Amino acid sequence: MNEGGMKSGRIVLIAIFIALAGAAVWLLYSDGLSDDRGMRGGRTVTVVSKPVETREFADVVEALGTARARESVTLTARVSDTVRSVQFDDGQIVEKGDILIKLEDEEEIAQLREADANLKEAESSFARIKNLVNQGNVSTATLDAEQRRLDEARFRQQAAKARLEDQRVVAPFDGLLGLRRVSEGSLLSSNQPITTIDAIDTIKLDFSVPERFIATLKPGQAVEAKVSAYPGRIFKGVITTIDSRVDPITRSVIVRAEIPNDENLLRPGLLMTVQVLSKAWDGLAVPEQAIVPSGGRQYLFVMNGDEAERREVKLGLRRPGYVEVVEGIELGDRVVVEGTLRLGRQGMKVRDMATDVANGAAS
């Protein structure tokens, strides 16, 4: 390339540089004018505000727990015999003493009748001998022998009744039955599972808590639990027991809470997310979307007449949808919850749509 061409190229580059520099200066100048106009009220930003309110906050310990029935048993028979009848259905709610299974019992019924007859005979013989003793016709030794015979007859009757009761499987308490595992006519062995029964009117919830929280836990403390099966539903209960030992491996302690289950929604084995509520207090709260983080600090835009003032705040606890503010605002302040991204400077004029709607409703 000749010398003239090189000079022409340098001239073009210098011209481009001057044009870019001029554009940058114009943008900075126009941005300053725009900010100056905004601060003097030349531009109005539409926002929505809400008043600062008080909410109840509490220290919360969160954990995962497993639901357990108040009482839970796998029902079995005491003896081996043929199932005569099954008197329950899967998932049936039963009361204590309800007969669930009857085994073949003809032999046991016959033995009880024999025992009843023997007892009746022994009672009659004892009464006869007693009268003779009172008349002085029979020695007291004979009466003592009849007394032993009468006692033996009563014991045999009790044993016969017990054998007959063993041919029945009854509900040991009020509860919900599980799946039936036997059929009529089948040979039932002793200790063979028949079904399960769970008392679920109250659910025991066992969960592990790190040892550092032991000092904050005590019986009677309120808990709130959730399960994925019922989104949005909160089950409330209280702590009943704190285990006497800390696990040396996990450094945690087992805590048991009881949760009323009047609707029978909760079932044993459910995984539950539990929150233990300890110290509670009332604090100032604002919606989460009102918080504007910047440079590691937290800010709110607070309404001041027709302007939005940016104010640094100190936050406390966070809860779904709102956050506690412990420093920087007062009760009665209104904070911007929509439109904060358009408020890049302090003192910008704003139009509060929430106030407009309230004024329209009042008129």
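Quick look at the values:
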{"read-out": "Condition met for VAL337 (in contact with a Lys or Arg (Cβ under 9 Å, 6 or more places away or on another chain), outside any loop (DSSP other than H, G, I, E, B), open to solvent by 70 Å² or more (accessible area, probe 1.4 Å) and at pLDDT 90 or above)", "value": "no"}
{"read-out": "Pairs with Cβ under 7 Å, 6+ apart, first in segment 46-57 and touching a residue at least 60 places away in the same chain (Cβ under 8 Å) and among the basic types (Lys, Arg), second part of a strand (DSSP E or B) and open to solvent by less than 90 Å² (accessible area, probe 1.4 Å)", "value": "LYS50/PRO287; LYS50/ARG334; LYS50/VAL335; LYS50/VAL337; ARG55/GLY283; ARG55/ALA285; ARG55/TYR322"}
{"read-out": "Qualifying positions in segment 252-294 - under 19 Å from SER72 (Cα atoms), open to solvent by 40 Å² or more (accessible area, probe 1.4 Å) and assigned to a strand (DSSP E or B)", "value": "ARG256, GLU258, PRO260, LEU271"}
{"read-out": "Yes/no for GLU324 being touching a Phe, Trp or Tyr at 6+ places or on another chain (Cβ under 6 Å), over 30 Å from THR202 (Cα atoms) and either at pLDDT 90 or above or in a strand (DSSP E or B) (or both)", "value": "yes"}
{"read-out": "Residues of segment 248-305 that turn out to be closer than 19 Å to ARG55 by Cα and either small (Gly, Ala, Ser) or free of Cβ contacts under 8 Å to residues at least 24 places away in the same chain (or both), as a count", "value": "5"}
{"read-out": "Residue within segment 52-68 that is in contact with a Leu (Cβ under 6 Å, 6 or more places away or on another chain), over 30 Å from ILE329 (Cβ atoms) and surrounded by fewer than 13 Cβ atoms within 10 Å (Cβ to Cβ) present", "value": "no"}
{"read-out": "Segment 135-185: number of residues that are exposed (fewer than 15 other Cβ atoms within 10 Å of the Cβ), among the acidic types (Asp, Glu) and more than 46 Å from the chain's Cα centre (by Cα)", "value": "3"}
{"read-out": "Selection status of GLU107, open to solvent by 50 Å² or more (accessible area, probe 1.4 Å) and assigned to a helix (DSSP H, G or I)", "value": "yes"}
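The values are calculated or read from the model by the stated rules, or taken from the named source; none is laboratory data. Owing to the predicted nature of the structure, the values given are computational and were not obtained by experimental measurement. Cβ: placed from backbone, ideal geometry, glycine included. Neighbour counts: every protein chain shown. Side chains included, ligands, DNA and RNA excluded: accessible areas come from the protein's heavy atoms. Shrake-Rupley method; radii C 1.70, N 1.55, O 1.52, S 1.80 Å.
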